[in-house]
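Here is the structure we will look at, set down as structure tokens.
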Ligand code: PAF
């Protein structure tokens, strides 16, 4: 596996992949603290393209709280091992100055309002930060496919918009986005880098999110959306979570869900003590 820390090393590594493996490659952008959710992205990538690059970069622009940025788990050695095991060809693990040099100007990205509700309302500026770094990484690592986890549903919509903007307005050849389903543990807990911050008692409570999805699937059929949300929030509170939001949206969008729209997607964010968790699930209750 090639390792690049600087933009110069990255260019060299990409040129070598280009000549040894071919032009078609894929990018798995990550912030490290990798787990089997990322493993799934790498597996799908490995099966679908000639070379796979991953990035490990804890992007300061997408953190609206300094304490959250400081606490974000970092464990490069284990990450490199997992990347290697999954046959990743190149890892770009730069420091912030390599990604955002002083003479670099952030693009003005109109995210069409997708950055504003739900995650965006509770983490102002978060999605602008995500779109900015993904755009920059795509400038640095031109690729055919971009692999994103559905665990970050709203992020997928924002990045889809970014790819549209880059193609339609800036005329840049864009990668196609490949969305990879969320990986869950045996109890339904969505794998997340932030789970590393949870002690056993908190982990047990985090599984309350999956229990609530099961309850919503079993009881959602006959309930009005507002009532379903209210009852589910009560359950999440009883599970020991401090809720930020629970929303039902039309799948593939952020539009509020109403009956007749097909199976809704439920979006959730909440806190377990000082750790913030998000999850989403499709509910078969059309
Ligand atoms: O999902 C993440 O890990 C990050 O938001 C991403 C896409 C790597 C951008 O920093």
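Values quoted throughout were computed directly from the atomic coordinates according to the rules given, and no laboratory measurement underlies them. Everything numeric here is computed off the predicted structure, so don't read it as measured data.
Here are some notes:
- Theoretical gain in end-to-end length, residue 71 to residue 108 [0.36 nm per residue, Cα-Cα removed]: 10.4 nm
- Bridge type composition, the chain - antiparallel percent by DSSP, nearest 5: 50
- Per residue of the chain, the DSSP helices (runs of n ≥ 4 H) give a summed -39500 (n - 2.57) that works out to -12000 deg cm²/dmol at 222 nm.
- Taking 0.36 nm per residue of separation and subtracting the Cα-Cα distance, full extension of the segment from residue 224 to residue 185 would add 11.0 nm.
- The chain: angle of helix 153-168 to the longest principal axis, Cα-based, in degrees nearest 10: 40
- Once you reduce region 83-123 and region 208-276 to the center of their Cα atoms, the two points are 28 Å from each other.
- Tail weight of P(r) past 23 Å, computed on alpha-carbon pairs of the chain, percent: 56
- Taking each residue as 0.36 nm, the span from residue 170 to residue 16 lengthens on full extension beyond its C-alpha to C-alpha distance by 52.7 nm.
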